[in-house]
1. Limited to region 410-427, what total is found for residues that are part of a loop (DSSP other than H, G, I, E, B) and within 16 Å of Arg74 (Cβ to Cβ)?
2. Mind listing whichever residues of region 160-209 are surrounded by fewer than 20 Cβ atoms within 10 Å (Cβ to Cβ), in a loop (DSSP other than H, G, I, E, B) and either among the aromatic types (Phe, Trp, Tyr) or in contact (Cβ under 8 Å) with a residue 24 or more places away in the chain (or both)?
3. I'd like to know if region 229-237 contains one or more residues that are more than 21 Å from Ile10 (Cα to Cα), part of a helix (DSSP H, G or I) and either outside the structural domain of Val165 (by TED's automatic domain parsing) or under 36 Å from the mean Cα position of the chain (by Cα) (or both).
4. For region 101-124, give me the residue count where each residue is free of Cβ contacts under 8 Å to residues at least 24 places away in the same chain and either in contact with an Asp or Glu (Cβ under 7 Å, 6 or more places away or on another chain) or over 17 Å from His19 (Cβ atoms) (or both).
5. Has region 370-378 got at least one residue that is in contact (Cβ under 8 Å) with a residue 12 or more places away in the chain and under 26 Å from Arg506 (Cβ atoms)?
6. Answer yes or no: is there a residue in region 235-250 that is surrounded by fewer than 18 Cβ atoms within 10 Å (Cβ to Cβ), under 17 Å from Phe175 (Cβ atoms) and not acidic (Asp, Glu).
7. I'd like to check which helices (runs of 4 or more DSSP H) are fully inside region 1-110 and have at least 2 residues that are more than 30 Å from Ala405 (Cα to Cα).
8. Could you list all residues from region 552-597 that are assigned to a loop (DSSP other than H, G, I, E, B) and out of contact with any Pro (no Cβ under 6 Å at 6 or more places or on another chain)?
Amino acid sequence: MVSILEYTPIAQFALGQDHRITHWNRACELLTGIAARDVIGTDRQWTPFYSSKRPVLADLVLENDIASFFEIYRGRDAGPSNVIPEAWKATDFFDDLGGKSRYVFFLAAPVFDDQGRRVGAVETLQDTTERVLAEKQLRSSEERYRFLTEKAADGIVVVQDDRLVFANEAAAELFDHVTSDDLLDLPVLDLVAQADRGTVKKMMRDFEGLKNADRVVQVRCNAMDGREFWVEANNRVVDWQGRPAVIATLRDATESRRREDEILDEAESLRRENVRLRSSIRERYRLGGMVGKSAPMQEVYELILKAASSGANVLLSGESGTGKELAARAIHDASSRREKPFVPVNCGAIPEPLLESEFFGHRKGAFTGAQADKMGFLDLADGGTLFLDEVGDLPPSLQVKLLRALEGGGYTSLGSHEAKYPELVVFAATNRDLKKLVREGRMREDFYYRIHVLPIPLPPLRDRLEDLPLLVEHFLSRIDQEKTMRSLPSRVMEAFEGYDWPGNVRELQNAIQRYVTLNRLDLAHASLDSTRQEGPTPESLQKGLEDLSLRNALASFERRLLRQHLDRHHWQRSEVAARLGISRKTLFRKMKALGLS
């Protein structure tokens, strides 16, 4: 049976009474990246998992130290095994185990001698990152190694010449047979549903020719009562009594298939929603709270939809007032997390002594003034989105703690020993050069790359002046609730079009608010009130153009000129076209392009 243990895909190691490693199988080597020859005979069983020496589950089982077990593995689904007497189980997450980030299910059981004394322990490791944790694991056995086959919670079978030559009790239970003997000498195809028999038959021929010798497949199978269910089989070609055979680890995959189907359905629903949103954007020129029909904004909308469907972290960059928080909310609302919390945080507004408490929370009595438990931002955003506005203001000391939490290492609230593992995405926003902050040592490079996954730059208002009419209409409808002012006078719009807007959309909103309230407009390049004469002068047409690019200056001048003629001739387009010496078709095209339609 030792040869089967070496070839089984289940990772396993054993400890002697002195806590030194006596067995470290091939699957354990593949999972941990550590060769058996480097650890057998040592007490270094902790090295694949932890940065400093500490007991692993097998050590605690060997010492029967139940108190330390619950302290160390608290919050990690820890408890006695419901399958193996005196065995304990737990789960944990590792950033780098065998070169990968993994969730691992541990189960450790003691080994007894004839007098009932603990003389060793066996620990099994199972990578459960991509599938549901198995409810049943290894069963106990009087022999130290046979429980990995005959008494394992997962079904284990050996197939040779298309027939079952070995099956454990878990395999019998999986197919509703009374004992494993009921399965022996059965044709393997008798267990497979008719729809998948062709697939399995071809796979067995491949195994015989040593093609695709290692393969994980999911097939539909039949139980004794006629019930059809999904089985995941992890197959490997082995030598069985001098001839090729296939050893397969089996588990019921019905629930995981159902969840995968739900995920696919949700993805398809999200795809259809994105199509609808794209169509909506083309028709309405807005997304969430964002307004604009210009080419730069269309690019932003497209990036927002891609970010929403990806579920990745996003870095929003742009000048102050360009709408970074609106963009973050639009991504969240278009994503599968739309029903979960969106937690905005102004990183520059939190005093540094309070940062850790605000982000990670605290327990009552953790420090002077902590009179009650407080949830942190990471608690509030769990399952949803954490928006870090002005992320460049976070000190490096907090960045390293945030990085650990975001990478799955968890965090603890002040005054607590309980580790928490938030599941969230991070949207960060900045108007600063983060690469420069990294070079200056004011931002950690690893933190920068954690938040800089999908960059979305937001254009300044001066680069999308054609959006001004839509933005003005939008803000007027919000500011003037009584609808007394449906539009701004042409002279005000002309001043807007000639202004550089250093404060961007936020400054535009404030300027409209002042005009609606005071009937007066104050800008750096213009000062207008309600008593000034209607109609722009040639000088006003040129005012402010010297600060624009050639393209924007030409567009601004053309827009003002068209508006002047349209107002003067009461929007009689035929007359305006004749005055300008252009066709009506050309006039309509220019009006649409300049936002005057």
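1. Filtering region 410-427 for residues part of a loop (DSSP other than H, G, I, E, B) gives 410, 413, 415-418, 421-424.
Narrowing further to those that are within 16 Å of Arg74 (Cβ to Cβ): 410, 413, 415-418, 421.
Number satisfying all stated conditions: 7.
2. Passing the criteria: Asp162, Asp176, His177, Ala193.
3. Taking region 229-237 and keeping what is more than 21 Å from Ile10 (Cα to Cα), we get 229.
Pick out the ones that are also part of a helix (DSSP H, G or I) and you get none.
There is no residue in region 229-237 that is more than 21 Å from Ile10 (Cα to Cα), part of a helix (DSSP H, G or I) and either outside the structural domain of Val165 (by TED's automatic domain parsing) or under 36 Å from the mean Cα position of the chain (by Cα) (or both).
4. First pass over region 101-124, keeping only residues free of Cβ contacts under 8 Å to residues at least 24 places away in the same chain: 112-117.
Going one step further and asking which of them are either in contact with an Asp or Glu (Cβ under 7 Å, 6 or more places away or on another chain) or over 17 Å from His19 (Cβ atoms) (or both), we end up with 114-116.
Number satisfying all stated conditions: 3.
5. Of the residues in region 370-378, the ones in contact (Cβ under 8 Å) with a residue 12 or more places away in the chain are 370, 373-378.
Now drop any that are not under 26 Å from Arg506 (Cβ atoms), which leaves 377.
The answer is yes; a qualifying residue exists.
6. Within region 235-250, not a single residue is surrounded by fewer than 18 Cβ atoms within 10 Å (Cβ to Cβ), under 17 Å from Phe175 (Cβ atoms) and not acidic (Asp, Glu).
7. On the way: elements: 2-7, 26-32, 57-63, 66-72.
The qualifying helices (runs of 4 or more DSSP H) are 2-7, 57-63.
8. Start the filter on region 552-597 by keeping residues that are assigned to a loop (DSSP other than H, G, I, E, B), which leaves 569-572, 581-583, 594-597.
Passing the criteria: His569, His570, Trp571, Gln572, Gly581, Ile582, Ser583, Leu594, Leu596, Ser597.
The values are calculated or read from the model by the stated rules, or taken from the named source; none is laboratory data. Small disclaimer: the values here were computed from a predicted structure and weren't measured. Cβ sites come from the backbone with ideal geometry, for glycine too, and all protein chains shown count toward neighbours.
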